[in-house]
1. Sorted from largest down, give the three principal axis spans of the alpha carbons of segment 42-296, whole angstrom values.
2. Between Lys47 and Asn261, what is the FRET efficiency for a Förster distance of 41 Å, r being their Cβ-Cβ separation, to the nearest 0.05?
3. Using 7 Å Cα-to-Cβ label points, what is the Arg208/Glu65 separation (nm, one decimal)?
4. Quick one: if the Förster radius is 45 Å, what FRET efficiency do Arg216 and Asp113 give, using the C-beta to C-beta distance and rounding to 0.05?
5. Calculate, for Ser242 and Asp123, the FRET efficiency according to 1/(1 + (r/R0)^6) with r their C-beta to C-beta distance and R0 30 Å; round to the nearest 0.05.
6. How do Met59, Met100 rank when sorted from fewest to most other Cβ atoms within 10 Å of their own Cβ?
7. Along the charge dipole of segment 42-296, which of Gly163, Phe276, Leu193 sits closest to the positive end, that is, farthest toward it, with unit charges on the beta carbon of Lys, Arg, Asp and Glu (+1, +1, -1, -1)?
8. Could you line up Thr200, Thr53 from fewest to most neighbouring Cβ atoms inside 10 Å?
Amino acid sequence: MFTLTRLRSLIPRSILGRTALGASLIYAGCVGALWAVHRSLIFPAPKSGLAPTLSGTTMLKLDAEGSDVIALYAPPAAEPPKELRAFARPSKLSVGKGGMVVFFHGNGQELVDLSWLARALMDRGLGILFVEYPGYGVAKGRPSEASIYFAAKRALDELARLGITQDQVTLVGQSLGSGVAVEMARSGYGSKLLLISPFTSMVDMVQRFAPILPVRSIVKDRFDSIAKAKEIKIETVIVHGSKDSLVPADMGRTLAGEIRNATFVSLEGAGHNDVFASRGLDGTPSQLLELMVKLAKRGEENLRPNPLAN
C-alpha cells in the first residue's frame, strides 16, 4: 500500500536532490499545461453566431462527408444574382473572367469580421471566396490542421465546378491562414500566392513562447510552411509588418528565401494586427489592400481550364 511515509521516503534528503526534484516536477507541469492548452491557443475559434450580410455575395454551404463547409462567395466581374439567399449554390452562369481572391483568415477572426475586406475587393472588380474554418463563426465541426485543409480544398473544388479557372485564382492567407494558403498552393490550386504575416511553422511559433519544452512532440497541427516552400511554383508575394511582435518579420523573410522567385515586402511600422492600416506612399487607404488588388487583377488572355474541374 502506498502510504504517506512511503511518499516521504522518495523525497531526496539533500538540498541539491530536492531542488532537482522540484525542477523536474515544475518542468513536467509545464509540459502538461502546454499539452492541455496549446490547441485552444492555436484555434481560439470565435463563434459570434453571425453570418456576413453583404450585398452581392452568397453564403455557400457545401456538403462534405457529412459536415458542411461554409464560405462567402461573389463571382468575379459578373452581375450578382437577382435573389441572394443565405446558404445557396450559385449558378455557373453567374461567373465572369476577372480575378478571384480566395482568402484564409487568421486564428482570431471569423467571416463576419471580414465583410469590409470582401466589399473593398468587390468594389475593385474582383471576385471573392472567403473560407470559414470548422468550429469558427457559423461553421460546425472542430478546427484542426486536417479539417481546415479539407474545408479549403472542398471550397476550391467548388470554384472549379462553378467555372472559375486556375488562372483566375489568387490564394491569400493571413497569419494562421498563411499555412492554409501554402498547403493549397502546394496541392496545385491557384496561380498566385500572397502570404500576410506568415510563420515558418506552428512548431516554430510555439517554440518561441516555450523554448525549453519538447514542442515538436506536443504540437500535432504543424502547418509546416517552411518544409513545403520548395514545392511552391507559383508567383508569390510575402508581406510582413516590420514591428510584428507576434510573428517576427524574420519568419516571413526566411520563408521568402525558400520559395523560388518570391518577393518580400516590409510594411514599415506595422505590427501583426494592423497590416491593413499601413498607408501607401501615395496616400492610398491601405498599401496592403492595393498590393492584393494589383496581384489578383488579370487580363482575359491565356485562360486555361482548371484541371480540378469535373
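No value in this document is a laboratory result; all are computed from the given coordinates. Please read these numbers as outputs of a predicted model, since none were measured by experiment. Ideal geometry is used to build each Cβ from the backbone, glycine not excepted, and the neighbour counts take in all protein chains shown.
1. In descending order, the Cα extents are 57, 47, 33 Å.
2. 0.55
3. 3.1
4. 0.90
5. Efficiency, rounded to the nearest 0.05: 0.60.
6. Ordered by Cβ neighbours within 10 Å, fewest first: Met59, Met100.
7. Result: Gly163, furthest along the dipole toward the positive end.
8. Thr53, Thr200
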